[in-house]
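Quick notes on the structure that follows.
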Amino acid sequence: MKGIGGHERGHTTAGPQPIKRKRDSAMNETHSTPSDPALLALDDLLPDLEALYKDLHSHPELSMQERRTANVAADQLRAAGYEVTTDIGHTGVVGLLRNGDGPTVMLRADMDALPVEETTGLPYASRVTAADREGTTVPVAHMCGHDMHVTWLAGATKFLAEARTTWRGTLIAVFQPGEETAEGARAMIADGLLQRFPKPDVILGQHVMVGPAGAVAGRAGVITSAADSLQIRLFGRGAHGSMPQASIDPVVMAAATVMRLQTVVSREVAAAEAAVVTVGVLQAGTKANVIPDEAVIRLNVRTFDAGVRDRVLAAIERIVNAEAEASGAPRKPEITTLDRYPLNTNDRDASQRIVDAFRAYFGAERVREAGPAPASEDFGSFGSEWGSPSVFWFVGGTDPDTYAKAKADNRLNALPVNHSPKFAPVIHPTLRTGVETLVVATRAWLSASPASGAQLNGEPT
């Protein structure tokens, strides 16, 4: 297995030390006093969690190259007393904590970063470059928040391990590679995840998103869209630019195809349904006076319904083939699937249990209902393959005052979103909130030890 294929400028590669309890916390953020015994040490450990987050942010790794990040996650789990298995699905890490008879809960965090150059200006901003799969050196940065996800799970697993006298059951912590390329979950499953570990009674995951930090949002039913990325190769016949009559111009063919694809959503998807078809790449030719032999289109489709997905994909294939035939193309187009994300659907009963736990812990004003997000996730593959209910939710990462002002000015779309080179969740209270949500959601399932008297906001768990 290969590690990261690039170099880092101005950073050491040694990982952070496992989280240790500190008594000199200087955090002055506003928050409710933790009422779950697993969270009593949260204030003391926030400085170490912040250091872990900054370290991960400064050392991002591309999808399926997350060797250093996986080592950090494994070290954190071992220090907390988990049985650790590494290299699952290439770089995946699983921690297992058996703690008597009771339910089994799986928690998942994704680890990979993006080939994006960070422009946040933060003192801990990434300056990493790496070789991608084609061997091209690209910038790498955590512009989707997966570094926050790893830190949340590292913190939550430590707290739950330290409070094991207050609960019974089994905890599975999964640090997943390759979410950004839709291959990490499938790779772990193909590598025997389902056979090597106990079947969970519930699978839980979360994502930092634009929204007021300290707030949590989710919904029962569809939570993130299905996504399909396609590459289309259109074939023509090259010629001199001064003699177009000798060509079958793939540039014109591609342009006509792109324009016609815009009618799929506007004319073939009902107003009450939802879909997105975005052409992100259109490539053809090398010189102004040369008509090339072929053109390449890469596009992305987002849908929230299996029937709509099938209709949209069929319409794309129909249009692509028809435009090629109309142009007299010498060959049928090649349509290749680049990646595919499943529809991510939250189990209704499990979602309600988590909403009730969140409201009891945070208060109803901090727990919001979200609409289906057009972003996509491979998290849902674990639940669908295991046959277990799963729940996925969002944690706000935007400074609350900044978010409130943008909302008042009707400028929410101006805030840097995930995948933007300026996306930078505020560390506090985002870090605290994400650890709390994982612990509280987990404790909604894990049985209380009969001798513990464990309570959640004063109510027996």
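The solvent-accessible area of D132, taken with every protein chain present and a 1.4 Å probe, is close to 40 Å².
Mind listing which GluC sites (Glu not before Pro) in segment 81-156 are in a DSSP loop and have 14 or fewer other Cβ atoms within 10 Å? For GluC sites (Glu not before Pro) across segment 81-156 that sit outside H, G, I, E and B with at most 14 neighbouring Cβ atoms in 10 Å, the list reads E134. Taken over the Cα atoms of segment 285-331, the convex hull encloses 87 Å³ per residue. Computed packing ranks the peptides 65-71, 104-110 as 104-110, 65-71, most packed first, by mean other Cβ atoms within 10 Å.
Please state the relative contact order of segment 93-176 as a whole percent: Cα pairs under 8 Å, 6+ residues apart?
54
Computed over the alpha carbons of segment 399-445, Rg followed by Dmax gives 14.0, 41 Å. Seen from all directions on average, segment 299-450 presents a Cα convex hull projection of 14.0 nm².
Where the accessible area of the chain is counted over protein heavy atoms with a 1.4 Å probe, how much of it, in %, is carbon and sulfur? C and S fraction of accessible area: 50 percent. Normalised by 2.2 N^0.38 Å, with N the number of residues, the alpha-carbon radius of gyration of the chain equals 1.06. Rg/Rh for segment 66-193 stands at 1.02; both radii use Cα atoms, and Rh follows the Kirkwood definition. Taking the charge dipole of segment 106-241 about its Cα centre, with +1 at Lys and Arg Cβ atoms and -1 at Asp and Glu Cβ atoms, the residue from A131, T166, G184 reaching farthest to the positive side is T166. In whole angstrom, segment 247-317 maps to an equivalent ellipsoid with semi-axes of 29, 10, 9, each derived as √(5λ) from the alpha carbon gyration tensor and ordered largest first. Measuring only protein heavy atoms, the 1.4 Å probe finds K407 accessible over about 130 Å².
Looking at segment 48-99 from every direction and averaging, what is the projected area of its Cα convex hull in nm²?
Mean shadow area of the hull around the Cα atoms is 3.9 nm².
Multiply the residue gap between T85 and K287 by 0.36 nm, knock off their C-alpha separation, and tell me the result in nm, one decimal place. The T85-K287 span can extend by a further 67.5 nm.
On the beta carbon distance between E365 and R186, with R0 = 56 Å, the FRET formula returns roughly 0.90. Normalised size of segment 80-142, defined as Cα radius of gyration per 2.2 N^0.38 Å with N residues, equals 1.64.
With distances taken between every two different alpha-carbon atoms, segment 167-221 has a Kirkwood hydrodynamic radius of 14.1 Å. Can you give the relative contact order of the chain as a percent, counting alpha carbon pairs under 8 Å and 6+ residues apart? Taking the mean separation of contacting Cα pairs over the length of the chain, I get 22 percent. Whole-percent P(r), segment 205-290, all Cα pairs, 5 Å bins from 0: 3, 9, 15, 14, 12, 11, 10, 8, 6, 5, 4, 2, 0. For the chain, the membrane-span-like helices by this rule, meaning whole DSSP H stretches whose C-alpha atoms cover at least 15 Å of axis and whose Kyte-Doolittle mean is -1.0 or above, are 42-58, 67-79, 146-162, 250-268, 306-326, 348-362, 427-443; this says nothing about an actual membrane.
The values are calculated or read from the model by the stated rules, or taken from the named source; none is laboratory data. It should be emphasised that the depicted structure is a prediction, and the values quoted were computed from it without experimental measurement. With ideal geometry, Cβ positions are generated from the backbone for all residues, glycine too; neighbour counts draw on all protein chains shown. Heads up: the accessible areas ignore ligands, DNA and RNA and are worked out on the full protein's heavy atoms, side chains in. Shrake-Rupley method; radii C 1.70, N 1.55, O 1.52, S 1.80 Å.
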